[in-house]
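Colleague: Starting off with a structure, shown below.
Here, each number is a calculation from the coordinates, and none is a lab measurement. If you're wondering where the values come from, they're calculated on a predicted model, not measured in any experiment. Neighbour counts run over all protein chains shown; Cβ positions are idealised from the backbone, glycine included.
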Amino acid sequence: MRRIARMLVSSVALAGVSAFVTAGTAAAADTAYNTRTQYLVAHPDPGLPESCFERRIQLAAGDYHWYQVLGSAYREDFRLGAGWYTWRDCLEPRDNEYYHETTLDPDHGDWVSVSISSEPRVGSTGDVLWGSKLVPQF
């Protein structure tokens, strides 16, 4: 079957939000997740549609480790300022692999967006958890 299901799994995307309760504000030391479970094919072709999802999150200032859940990209000891961000993950089918890009876009006008990316392969066709996570280091 040649498709990428576009199902939103809100409960999965919100599973790691316990640290970011109270109107989305960051509490100390809890990991935040931006993930979803989605049907993916093991050998995608470039003709399949891209899949993206995002969330708004308010983060405390400090150092974070930032990891992709499906992909291998990461950024450790990454410093973020306090404020609101748009956190977006996109998965683009390519020839036998995917291109996974994760972006944090701050609302603060003087700060730049940052991203990490990788080209993961999916071992077998089926439901796959993908996205990214932020791990506070404070």
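Colleague: Starting from the 7 Å offset along Cα-to-Cβ, what nm value, one decimal, do you get for the label separation of Ala82 and Asp95?
Modeller: 5.1 nm
Colleague: Continuing with the same structure: Give a residue-ordered list of calculated ³J(HN,Hα) values for the stretch 74-88 (Karplus: 6.51 cos²θ - 1.76 cosθ + 1.60, θ = phi - 60°; whole Hz; x for Gly, Pro).
Modeller: Running phi through 6.51 cos²θ - 1.76 cosθ + 1.60 with θ = phi - 60° gives 7, 9, 9, 6, 9, 8, 10, x, 5, x, 8, 9, 9, 10, 10 Hz.
Colleague: In whole Hz, with x marking every Gly and Pro, tabulate ³J(HN,Hα) for the stretch 119-125 from phi via Karplus 6.51 cos²θ - 1.76 cosθ + 1.60, θ = phi - 60°.
Modeller: Each residue's phi maps through the Karplus curve to give 10, x, 10, 9, x, 8, 5 Hz.
Colleague: Another question, if that's okay. What are the residues whose amide H is under 5 Å from the amide H of Val128, where those residues sit 5 or more places off or on another chain and H is modelled from the backbone?
Modeller: Amide H to amide H, under 5 Å and 5 or more residues apart or across chains, Val128 pairs with Gln38, Tyr39, Leu40.
Colleague: Run the quick spin-label model on Ser117 and Cys52: label points 7 Å from Cα toward the beta carbon, then report their separation in nm to one decimal.
Modeller: 1.2 nm
Colleague: List the residues, sorted by chain then number, that are 5 or more residues from Gly71 or on another chain and whose placed amide H is less than 5 Å from its amide H.
Modeller: Those qualifying (amide H under 5 Å, at least 5 residues apart or on another chain) are Gly131.
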